[in-house]
1. Leaving out ligands, DNA and RNA, what percent of the accessible area of the chain is carbon and sulfur, probe 1.4 Å?
2. Compute the longest continuous run of the chain that contains no exposed GluC sites (Glu not before Pro); treat a site as exposed when its DSSP state is not H, G, I, E or B and it has at most 14 other Cβ atoms within 10 Å.
3. Under the classification rounded if a/c is under 1.5, otherwise prolate if a/b is larger than b/c and oblate if not, where does the chain fall, given a ≥ b ≥ c as square roots of the Cα gyration tensor eigenvalues?
4. Quick one: which residues, 5+ away or cross-chain, put their amide H under 5 Å from the amide H of Tyr101? H built at 1.01 Å from N.
5. Only bridges with both residues in the chain count here: give the DSSP antiparallel percent, nearest 5.
6. Nearest 20 debye, what's the magnitude of the dipole of the chain about its Cα centre given +1 on Lys and Arg Cβ and -1 on Asp and Glu Cβ?
7. Subtract the Cα-Cα distance of Glu44 and Tyr101 from 0.36 nm times their separation in residues, and report this length gain in nm to one decimal.
8. Using 0.36 nm times the number of residues separating Gln1 and Ser54, minus their current alpha carbon distance, what extension gain do you get?
Amino acid sequence: QVQLVESGGGLVQAGGSLRLSCAASGRTFSSYVMGWFRQAPGKEREFVATISASGAVTSYADSLKGRFTISRDNAKNTVYLQMNSLKPEDTAVYYCAAREYPQIATRPLVYNYWGQGTQVTVSS
């Protein structure tokens, strides 16, 4: 079992940056694939980025490549999402998730544990 707590959300102007953090409890964080997802009002939860247990492999939603970067620090049990050149359409609740199986994945249903989410609002 792992518990996830996101932080770092807030209000930012278009073109600005934010770094989200997700702190995980438990001693097996380094064995989990981690992912970031987001959900805007009235929309389905969508994939943002994922990172392998070692951090060597990452994958991003095509529309976000070049602006968002996922990383992790297994010594700190934390995964990060650096978001640059933010746009109003990036406004959403951002969730981190952990997956017990070794393959990175983009579908929310295959993730086993979820945080409570952190709100990101980008003003125009």
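1. Carbon and sulfur together cover 48 percent of it.
2. Excluding the exposed sites themselves, the longest stretch runs over 45-99.
3. Prolate shape, in that a/c is at least 1.5 and a/b is the bigger ratio.
4. Distant-sequence amide H within range of Tyr101: Val33.
5. So the antiparallel bridges amount to about 90 percent of the total.
6. Dipole about the Cα centre, nearest 20: 120 debye.
7. Result: 18.2 nm gained on full extension.
8. 17.2 nm is the gain from fully extending Gln1 to Ser54.
The values are calculated or read from the model by the stated rules, or taken from the named source; none is laboratory data. Bear in mind that the values here come from a model prediction, so they are computed numbers and not experimental data. Cβ atoms come from the backbone with ideal geometry, glycine included; neighbour counts cover every protein chain shown. Protein only, heavy atoms only, side chains kept; ligands, DNA and RNA dropped before computing areas. Shrake-Rupley method; radii C 1.70, N 1.55, O 1.52, S 1.80 Å.
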